[in-house]
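Have a look at the structure below, then the notes.
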Amino acid sequence: MDLFDAVLGTENQTQTALNPAEAFAVIILVATASDGYLSVEQANYLTFVLSRMKLFKSYPHEMMNKLFEKILGILQGDGFNSLFNAAKDSLSQDLRESAFAVATDLVLAEGIVAEEEKNFLNDLYQALGLSSEIAIQIVQVSVIKNRG
């Protein structure tokens, strides 16, 4: 424990569990930016994709912006690992499969998959506890979907 932890405490924002929508958005956001870059176009497309999902139907545009601001604030304050672990722990099994599918689709939609993105998706399916069979099926479908 360093001096500031002793005085200020080690409380961080992610000690409170994220709700399922926040957790899902975290997974999708970090997957999309796993190559170290998130363009305005990617962020807009991410918002569009999420807004079409049942999980986000009650999120108007302004609420979606606040969600991303919250995620980025936690990321800056607590770091990637803390944010990712909080998100992972807040997802049910069916949302884990869905999050991996949407993340894979968004990464593959860019056309070029960077090595960092491949590594991230490989680590993601394992971290989410998905079977390799399910992960392979999801990747195969996403590759087919994004061919054209």
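The numbers here are math on the coordinates, done by the rules we state, and not lab data. Quick caveat, the model's predicted, so the values are computed rather than measured. Cβ placement follows ideal geometry from the backbone for every residue including glycine, while neighbour counts extend to all protein chains displayed.
Before moving on, here are some points about what is shown:
- Per DSSP, loop trypsin sites (Lys or Arg not before Pro) in region 28-67 with at most 13 further Cβ within 10 Å: Arg52, Lys57
- Between Val40 and Phe68, the contour length at 0.36 nm per residue exceeds the Cα-Cα span by 8.8 nm.
- Rounded tilt (10° steps) of 80-89 against the dominant C-alpha axis of the chain: 70 degrees
- Of the Cα atoms belonging to region 14-145, the radius of gyration and Dmax stand at 13.7, 39 Å.
- Taking Lys and Arg as +1 and Asp and Glu as -1, the other residues whose beta-carbon sits under 9 Å from that of Ile138 total -2.
- The chain - mean residue ellipticity at 222 nm from DSSP helices (-39,500 (n - 2.57) per run, n ≥ 4, rounded to 500): -22000 deg cm²/dmol
- In order along region 52-62, the Karplus-derived 3J(HN,Hα) couplings, from 6.51 cos²θ - 1.76 cosθ + 1.60 at θ = phi - 60°, round to 8, 8, 4, 4, 10, 4, 8, 9, x, 3, 5 Hz, and Gly and Pro are given as x.
- Charged-residue dipole, Cβ positions (Lys, Arg, Asp, Glu), the chain about Cα centre, Debye nearest 20: 640 debye
- Ranked from largest, the principal axis spans of the Cα set of region 67-148 equal 39, 25, 22 Å.
- Relative packing of peptides 140-147, 31-38 - highest average C-beta neighbours within 10 Å first: 31-38, 140-147
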